[in-house]
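Working notes for the structure below.
The values are calculated or read from the model by the stated rules, or taken from the named source; none is laboratory data. It should be emphasised that the depicted structure is a prediction, and the values quoted were computed from it without experimental measurement. Here the Cβ positions follow ideal geometry from the backbone for every residue, glycine too, while neighbour counts run over all protein chains shown. These area figures cover heavy atoms from the full protein model, side chains too; ligands, DNA and RNA do not enter into them. Shrake-Rupley method; radii C 1.70, N 1.55, O 1.52, S 1.80 Å.
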Amino acid sequence: MSARRAAVVGAGPAGFYTADQLLGEGFEVDLYDVLPTPFGLVRAGVAPDHPKIKSVTRMYEKTAAKPGFRFFGGVELGSDVQREDLLERYHAVVYAVGTSTDNRLGIPGEDRPGSHSATEFVAWYNGHPDFADHEFDLSASRAVVIGNGNVALDVARMLVLDPDEISITDTADHAVAGLAAAQVEHVIVLGRRGPAQAAFTNPELRELGELQRADVIVDPSEVELDEHSAAWLESDAAEPTNRRNVEILRNYSRRDPRGKSHRIEFRFFRSPVEVLASDGESVGGLRVVRNRIEPDDSGRLRAVSTGEEEVIQCGLVLRSIGYRGNPLPGVPYDERRGLIRNEGGRVLSEDGEPLPGEYAVGWIKRGPSGVIGTNKKDAADTVARVAEDAEAGRLNEAASPDPEECESWLRDSVPTLVTWEGWQAIDTHEQERGEPHGRPRVKLVRVPEMIAVAEGSRAPQR
């Protein structure tokens with residue numbers, strides 16, 4: 001019997017963990033990505049000043065070196081190939097496309113010049129090809145970052161890093177120049193609930209206190225806990241991370257500012273209600289309402305408006321309030337949750353029945369939560385369903401599973417197809433560009449340039 005074959009769509013962490021575990025189950029795996037480059041948010045989302053986090057790609061490279069693995073970059077599902085094309089050629093198709101669309105505030109003025117999603121800003125400074133030509137006016141002295149997760153901290157930190165700290169990273173060249181010229185000196189990180197509910201991880205929050213040119217400002221009143229938050233924090237429902245976050249923020253509140261040129265300030269219990277204009281159309285301020293914490297009918301703590309409002313003067317607003325997935329053509333989609341409709345990773349039809357051989361993994365399966373490593377267990381859960389279905393004869397019946405025929409069809413459909421060897425050529429090229437400047441790499445940020453390098457350079461031998 002010929003080997004079972006699986007297509008994994010999306011070459012981020014969830015895709016690589018899934019590919020590795022499917023290989024372990026005896027599948028041949030073709031890993032697809034819309035970009036010519038793999039690694040998803042590890043390349044285009046992790047902050048450039050966090051190179052240790054990016055070292056996880058070494059594990060993914062080991063997966064790529066295993067027999068039965070192939071990478072096909074520069075392939076867009078729904079454009080270059082269709083869902084039906086994959087089902088014709090694979091016994092299992094696993095969607096690992098992530099949640100790439102940011103949530104909106106839904107308030108007046110949200111689309112003013114100077115009001116952006118953190119998603120756009122992060123992709124811009126990380127050199128994602130879709131955002132390389134975006135422009136951000138960083139001439140304002142004060143910025144507000146809305147959100148209480150790690151991405152909000154990344155954005156705040158990048159705005160106040162010393163140019164010398166940025167210039168040694170793999171930040172895209174256009175962003176190195178843009179951030180060096182930035183005039184933002186004061187960044188306010190805004191949360192609708194309190195410090196107890198903040199979703200920061202402890203190391204991310206703690207490292208702000210070590211910034212070269214920025215003080216961390218927390219007014220003591222901002223870290224006073226209401227009775228509901230205090231009780232929750234003492235209960236088993238709270239995580240140690242939540243308790244430690246409060247401790248770290250309280251320590252910041254007791255610090256005397258050191259007179260640094262820049263500062264990051266935390267303000268809690270505030271929800272934006274309007275992005276205000278300056279003299280023209282651009283952002284001039286943010287109108288917010290003060291909140292209090294109350295339990296809802298299920299006991300979950302929520303932010304409730306007090307009706308008391310204030311205006312924060314600023315010239316830049318970046319929102320980081322969560323993400324949702326985009327629907328894939330023909331794949332069942334839960335509009336309310338912004339995810340592929342699934343149960344335990346099995347994709348469900350409109351009638352709630354599992355579709356043979358179709359699965360979801362990562363954020364598009366469960367929503368945007370956890371850290372990179374969270375996707376490993378999530379992948380294991382989905383691959384366990386694939387293995388169960390393989391054992392029970394419930395996989396997709398592929399009509400044309402031949403791997404050579406599949407690659408031939410792909411090359412006809414996508415003449416600019418990038419294989420793993422092509423990516424290795426891009427990788428080497430970027431590292432060679434960075435070496436004279438003491439940088440890990442200088443990224444290519446335009447797809448045609450990537451394809452030219454992939455096609456014109458000999459990839460290193462394994």
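Quick notes on this structure:
- Residue, surrounded by the most Cβ atoms within 10 Å (Cβ to Cβ), within region 385-401, restricted to residues that are among the small types (G, A, S) and outside any helix (DSSP H, G or I): A398
- When restricted to residues that are part of a helix (DSSP H, G or I), aliphatic (A, V, I, L, M), over 15 Å from R43 (Cβ atoms) and touching a residue at least 12 places away in the same chain (Cβ under 8 Å), region 409-453 contains 4.
- Test for E335: is it modelled with pLDDT under 95, open to solvent by 60 Å² or more (accessible area, probe 1.4 Å) and within 24 Å of S100 (Cβ to Cβ): yes
- Take the conditions (1) surrounded by fewer than 20 Cβ atoms within 10 Å (Cβ to Cβ); (2) modelled with pLDDT of 95 or more; I372 misses just one of them, which is (2).
- Flag for E165 being in contact with an Asp or Glu (Cβ under 7 Å, 6 or more places away or on another chain), open to solvent by 40 Å² or more (accessible area, probe 1.4 Å) and in a helix (DSSP H, G or I): yes
- When D154, D133, D215, D173 are checked against the criterion of being open to solvent by less than 40 Å² (accessible area, probe 1.4 Å), out of contact with any strand residue (DSSP E or B) (no Cβ under 7 Å at 6 or more places or on another chain) and among the acidic types (D, E), a single residue qualifies: D154.
- Among the residues of region 407-440, those identified as surrounded by fewer than 19 Cβ atoms within 10 Å (Cβ to Cβ), closer than 16 Å to A175 by Cβ and not small (G, A, S) are R433, H437, P440.
- Residues of region 224-242 that are farther than 19 Å from D154 by Cβ and either part of a strand (DSSP E or B) or in contact (Cβ under 8 Å) with a residue 40 or more places away in the chain (or both): D226, H228, S229, W232, A238, N242.
- Test: S320 is buried (at least 19 other Cβ atoms within 10 Å of the Cβ), under 27 Å from V371 (Cβ atoms) and among the polar types (S, T, N, Q): yes
- Which listed residue is within 24 Å of the chain's Cα centre (by Cα) and open to solvent by 60 Å² or more (accessible area, probe 1.4 Å), from P272, P203: P203
- Test result for V75, in contact with a strand residue (DSSP E or B) (Cβ under 6 Å, 6 or more places away or on another chain), outside any helix (DSSP H, G or I) and among the aliphatic types (A, V, I, L, M): yes
- Subset of region 345-362 (residues that are within 22 Å of the chain's Cα centre (by Cα) and part of a loop (DSSP other than H, G, I, E, B)): G345, V361, G362
- Counting the residues of region 80-104 that are at pLDDT below 95 and either in contact with a Leu (Cβ under 6 Å, 6 or more places away or on another chain) or over 18 Å from Y333 (Cα atoms) (or both) gives 1.
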